[in-house]
2 protein chains.
Amino acid sequence: MIATQLGLVAGAVTSCAVIPQVVKAYRSRHVRDISVWQPVILVFGMCLWLVYGLMIRDIPLIVANFFSIFCNAALIAMKLFYREG
Amino acid sequence: MIATQLGLVAGAVTSCAVIPQVVKAYRSRHVRDISVWQPVILVFGMCLWLVYGLMIRDIPLIVANFFSIFCNAALIAMKLFYREG
């Protein structure tokens, strides 16, 4: 079904969206302008997605959300440990 | 079904996650540390989600993605128009 494949591609794209921000923050070590609440809320929301994925036993949903939770957690860690400025 | 409700809550939470970043960028007018690629990729991915939502005629999916596309487009606009620094 083409809709399901489209949904999988959409999920993969939105899951990967945080990567450029993680790379930029890691390279520049500047995180002043980033709101910590975006990754915090995303991690919370993606934990819900993960539970949902486990409930319906949907492997792409589980993998995509595990990956995104890891990336957003890295961003939260950088926001906390890099000096602002 | 509890899984569907959990999925709806998860979608609502992840859709709202960008709001603090939009508010912070708007108030501070500082966007240097934000990667423009995160909202750009998110808008692209959410357009796919929107098409998927229209195909399966899922109102929560359509509404959540319309809202998120608008918020991320606002962030892209701020990234382009505010001076960096």
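Scan the range A:45-85 for residues that are more than 29 Å from A:ASP33 (Cα to Cα) and acidic (Asp, Glu) and jot them down.
The one that is more than 29 Å from A:ASP33 (Cα to Cα) and acidic (Asp, Glu): A:ASP58.
Report, by residue number, each residue of the range A:36-63 that is surrounded by fewer than 17 Cβ atoms within 10 Å (Cβ to Cβ), at the interface with chain B (Cβ under 9 Å from one of its Cβ atoms) and touching a Gly at 6+ places or on another chain (Cβ under 7 Å).
Across the range A:36-63, there are no qualifying residues.
Just name the residue that is surrounded by the fewest Cβ atoms within 10 Å (Cβ to Cβ) out of those in the range B:1-35 that are more than 7 Å from chain A (Cβ to nearest Cβ) and within 14 Å of the chain's Cα centre (by Cα).
B:VAL23
Name every residue in the range A:30-75 that is in contact with a Lys or Arg (Cβ under 8 Å, 6 or more places away or on another chain) and among the basic types (Lys, Arg), in order of residue number.
Passing the criteria: only A:ARG32.
For the range B:41-66, what are the residues that are acidic (Asp, Glu) and within 12 Å of A:VAL13 (Cβ to Cβ)?
If the condition is that a residue be acidic (Asp, Glu) and within 12 Å of A:VAL13 (Cβ to Cβ), then no residue fits.
Within the range B:1-48, track down each residue that is among the hydrophobic types (A, V, I, L, M, F, W, C) and either assigned to a loop (DSSP other than H, G, I, E, B) or touching a Pro at 6+ places or on another chain (Cβ under 6 Å) (or both).
B:MET1, B:LEU8, B:ALA17, B:VAL18, B:VAL31, B:ILE34, B:VAL36, B:TRP37
Given (1) part of a helix (DSSP H, G or I); (2) in contact (Cβ under 8 Å) with a residue 24 or more places away in the chain; (3) within 7 Å of another protein chain (Cβ to nearest Cβ); (4) of a type in the set (Lys, Arg), identify the lone condition not met by B:LYS79.
Going through the list (1) part of a helix (DSSP H, G or I); (2) in contact (Cβ under 8 Å) with a residue 24 or more places away in the chain; (3) within 7 Å of another protein chain (Cβ to nearest Cβ); (4) of a type in the set (Lys, Arg), B:LYS79 breaks only (3).
Only the coordinates and a few stated rules stand behind these numbers; no lab work does. Owing to the predicted nature of the structure, the values given are computational and were not obtained by experimental measurement. Backbone-built Cβ (ideal geometry, glycine too); neighbour counts: all protein chains shown.
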